[in-house]
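Quick one: the structure is below, and I'll ask about it shortly.
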Amino acid sequence: MKILVAIKQVPARDSQLKIASSGKWIEDDDLAYEINEPDAYALEAGLQLKEKHGGEVVVVCFGPSRAAQTIREALAKGADRALHIESDAPGEFDPLAAGKLLAAAMKSESPDLVLTGIQSDDLGYGQTGPIVAELMGLPHATLIMEIEKSDGGIRVKRELEDGWFQHVDMPLPALLTIQSGISKLRYATLMGIKKAKSKEVKSLAPGDLGGGAAASLQVQRVYLPERAKQTQLLEGSPKEAAAKLVEKLKFEARVI
């Protein structure tokens, strides 16, 4: 069973973010980076399937040269090899353009299963998985909590709203986007770190995958949320004022 896992390198969750002088992105010179948390759970799901059913896990990463560190961490945890689509400006690619690159790289691998995180911690579009699936012509499901291999394919458990779940039988090959927190993440062992140094990392350029076209989405401005204070006096009896307050908290402030 060949499992491809899409991973992304993002700023560490405890980073202090500052707006760059251009006003179009964050200042990233002094940031620490790590694997996107939802992708870490996708990797864990792929490694667990490999341990149960055999095969190999291949990580696919679209990012700058510094993403090599994150790729090596994935290899140290147990992935067998990696594809690195290297670009110094991955932010210039919108979700569709990035999805086309990932799909082109993945098609050559003829995978049985493709796993991605539900979304990225930095941009949070939540579109990469479904876009790649459509471009590759694969059936797909999102918000996956469990994966079981069956004779005819796989059976997955999807998280719905209000504590509801959905079980879906799917054929292979397929693509799944994995929900965060579905399992306990493993740490890389010392032996795994040593083995990662000798595992294959194939570098690819966007131009090699037909990614020379400019992105159709451009960031015009990045800014911090603006803070403002506003006072409203609610007229009427205490009962009427309380009802109005609850309505505003529910539909305007959206805090209850």
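With labels modelled as points extended 7 Å from the Cα through the Cβ direction, what inter-label distance (nm, one decimal) is found for Glu200 paired with Lys250?
Those two pseudo-labels are separated by 6.0 nm.
Find the Rg to Rh ratio for the stretch 95-179, where Rh is the Kirkwood radius over alpha-carbon pairs and Rg uses the same atoms.
Working: Rg = 12.9 Å, Rh = 13.3 Å.
So for the stretch 95-179, dividing Rg by the Kirkwood Rh gives 0.98.
Pairs Lys18/Lys100; Lys229/Lys250; Lys2/Lys199; Lys18/Lys248: which are spaced more than 22 Å apart, C-alpha to C-alpha? Could you put the intermediate results ahead of the total?
Numbers: Lys18/Lys100 30 Å; Lys229/Lys250 18 Å; Lys2/Lys199 16 Å; Lys18/Lys248 33 Å.
Beyond 22 Å: Lys18/Lys100; Lys18/Lys248.
Now, a different point. Using alpha-carbon positions, what is the distance between the centroids of the stretch 183-198 and the stretch 22-41, in Å?
22 Å
Give the calculated FRET efficiency between Gln48 and Ala12 to the nearest 0.05, with a Förster radius of 35 Å applied to their Cβ-Cβ distance.
Computed FRET efficiency for Gln48 and Ala12: 0.90.
Moving to a separate point now. If packing is taken as the average number of other Cβ atoms within 10 Å across a peptide's residues, how do 199-206, 12-19, 112-119, 172-179 rank, most packed first?
Going from most to least packed, we get 112-119, 172-179, 199-206, 12-19.
Continuing with the same structure: How much FRET efficiency would the formula 1/(1 + (r/R0)^6) give for Ile26 and Asp162, where r is the Cβ-Cβ distance and R0 is 41 Å, rounded to 0.05?
E between Ile26 and Asp162, to the nearest 0.05, is 0.70.
Starting from the alpha-carbon convex hull of the stretch 96-242, give the projected area averaged over all orientations, in nm².
16.6 nm²
Taking the chain on its own, what percent of its Cα-Cα pair distances exceed 25 Å?
Numbers: 16445 of 32640 pairs.
Distances greater than 25 Å cover 50 percent of the Cα pairs.
So if each residue of separation counts as 0.36 nm, and I subtract the Cα-Cα distance between Ala89 and Val222, what length gain in nm does that give?
Once the chain is fully extended between Ala89 and Val222, it gains 46.2 nm.
Run the helix sum for the chain: -39,500 (n - 2.57) per DSSP H stretch of 4+ residues, divided by residue count, reported at 222 nm to the nearest 500 deg cm²/dmol.
Mean residue ellipticity, 222 nm, calculated: -8500 deg cm²/dmol.
What is the magnitude of the charge dipole of the chain about its Cα centre, with +1 placed on the Cβ of each Lys and Arg, -1 on the Cβ of each Asp and Glu, and no other charges, expressed in debye to the nearest 20? Could the numbers behind the result be given before it?
On the way: 32 positive and 36 negative charges, 85 e Å.
Dipole size: approximately 400 debye.
Continuing with the same structure: Taking 1 over the mean of 1/r across every pair of different Cα atoms in the stretch 1-57, what Kirkwood radius in Å do you get?
Working: mean 1/r = 0.0745 Å⁻¹.
Computed over the stretch 1-57, the radius equals 13.4 Å.
Name the residues of the stretch 52-67 whose amide N is less than 16 Å from a point 7 angstrom out from the Cα of Ser108 along the C-beta direction?
Only 58-63 fall inside the zone, counting backbone N under 16 Å.
None of the figures in this text is laboratory data; all of them are computed from the coordinates on show. Values in this document were obtained by computation on a predicted structure and should not be read as measured data. All Cβ positions, glycine included, derive from the backbone under ideal geometry; neighbour counts span all protein chains shown.
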